[in-house]
Amino acid sequence: MKSVVVFMMFAVLAMPQQAFAAIGCTLSNPAEDLKYLYPEMTTYKEDLNEFPLLKDGTELFRALRERLGSDLDPIYETYETPYTVYSVFKGQQKIGVVHGVNVPGKGGVIQVFLSMDPQTGEIRRFFFQRLESPAARQLRSKEFLSQFEGLTLGDFYKHDYYATVDPGAKADKVAAITPPVFEVSGRPDYEASLRGIRKNLILVDFFVYGKKFEPYFERAKQATEKAKARKE
């Protein structure tokens, strides 16, 4: 028996690193969770999205990194990471889209979920399924979470634009978000949560909305490039 255990341990260690990297984010109890988010729901559908299986998946994966503006995590944000989109229906009418992502936090993985309007892409509700943080109570507060309702990925791209050409603009909805009051130790998880929202919106724009908000990204990108050129 001991030799079998030792063999299994070596077999696990010999497995490719990618086998451990593809960690997705799904609802713990989809039927109950979705019914809570959409009381009028009659049915729902799960769609699994994986970059290796998508047309132009490699290009989309590179686009994710560019639009996030940061490096991707080697555990939770790999090319093989699966993403589950929940489509919510009332009869034949699609009434909601729900999607979650993992982002690394100070106290462990943070699971950020968004429920969105299927037509406009607006955030209907933002919530954490998992959050181990010294600032967990503050980040879960209704006052903080409700500030994201009605925002779209376009607002985040516009924020990039305004940050370059007109910092502090009144039209910058993302800049107007007030962070909760927490100890300094909670700052990393606050920033990780914002990154999780942005990442979530980008992925759903890829998977559901057909890159609907891409014009806003391109405008922000052009403004950034012009600003860099002027400095040089």
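The values are calculated or read from the model by the stated rules, or taken from the named source; none is laboratory data. The shown structure was predicted, so the numbers you read here are calculated from the model rather than taken from an experiment. Here Cβ is always computed from backbone atoms with ideal geometry, including for glycine, and neighbour counts include all displayed protein chains.
Please work out which residue is surrounded by the most Cβ atoms within 10 Å (Cβ to Cβ), limiting yourself to the stretch 88-122 and to residues that are polar (S, T, N, Q) and free of Cβ contacts under 8 Å to residues at least 60 places away in the same chain. Residue satisfying both the conditions and the ranking: Thr120.
Can you tell me how many residues in the stretch 21-61 are surrounded by 14 or more Cβ atoms within 10 Å (Cβ to Cβ) and not in a loop (DSSP other than H, G, I, E, B)? Before the answer, list the steps.
Of the residues in the stretch 21-61, the ones surrounded by 14 or more Cβ atoms within 10 Å (Cβ to Cβ) are 21-27, 30, 33-35, 37-38, 41, 44, 49-51, 54, 57, 60-61.
Then drop every residue that is not not in a loop (DSSP other than H, G, I, E, B), which leaves 21, 30, 33-35, 37, 44, 49, 51, 57, 60-61.
The number of residues fulfilling the criteria is 12.
Does Arg137 satisfy the condition of being touching a residue at least 40 places away in the same chain (Cβ under 8 Å) and not in a loop (DSSP other than H, G, I, E, B)?
Working: touching a residue at least 40 places away in the same chain (Cβ under 8 Å): no; not in a loop (DSSP other than H, G, I, E, B): yes.
No.
Of the residues making up the stretch 186-232, those that are in contact (Cβ under 8 Å) with a residue 12 or more places away in the chain and not in a helix (DSSP H, G or I) number 4.
If you go through the stretch 42-68 and pick out every residue that is of a type in the set (Lys, Arg) and touching a residue at least 60 places away in the same chain (Cβ under 8 Å), you end up with 1.
Taken over the stretch 154-167, the residue count meeting the criterion of being at pLDDT below 95 and not in a loop (DSSP other than H, G, I, E, B) is 3. Among the residues of the stretch 173-185, those that are outside any helix (DSSP H, G or I) and free of Cβ contacts under 8 Å to residues at least 40 places away in the same chain comprise Lys173, Val174, Ala175, Ala176, Ile177, Thr178, Pro179.
Of all the criteria given as (1) modelled with pLDDT of 95 or more; (2) out of contact with any Lys or Arg (no Cβ under 9 Å at 6 or more places or on another chain); (3) assigned to a loop (DSSP other than H, G, I, E, B), the one not satisfied by Leu151 is (2). Any idea which of Glu225, Glu214 is charged (D, E, K, R), more than 23 Å from Gly108 (Cβ to Cβ) and loosely packed, with under 15 Cβ neighbours inside 10 Å? Testing whether each residue is charged (D, E, K, R), more than 23 Å from Gly108 (Cβ to Cβ) and loosely packed, with under 15 Cβ neighbours inside 10 Å leaves just Glu225.
Just one of Glu46, Glu32, Glu40 is at pLDDT 95 or above, closer than 30 Å to Gly91 by Cα and touching a helix residue (DSSP H, G or I) at 6+ places or on another chain (Cβ under 9 Å); which is it? Let's see the steps before the verdict.
Details: Glu32 fails: touching a helix residue (DSSP H, G or I) at 6+ places or on another chain (Cβ under 9 Å); Glu40 fails: touching a helix residue (DSSP H, G or I) at 6+ places or on another chain (Cβ under 9 Å).
Going through Glu46, Glu32, Glu40 in turn, just one is at pLDDT 95 or above, closer than 30 Å to Gly91 by Cα and touching a helix residue (DSSP H, G or I) at 6+ places or on another chain (Cβ under 9 Å): Glu46.
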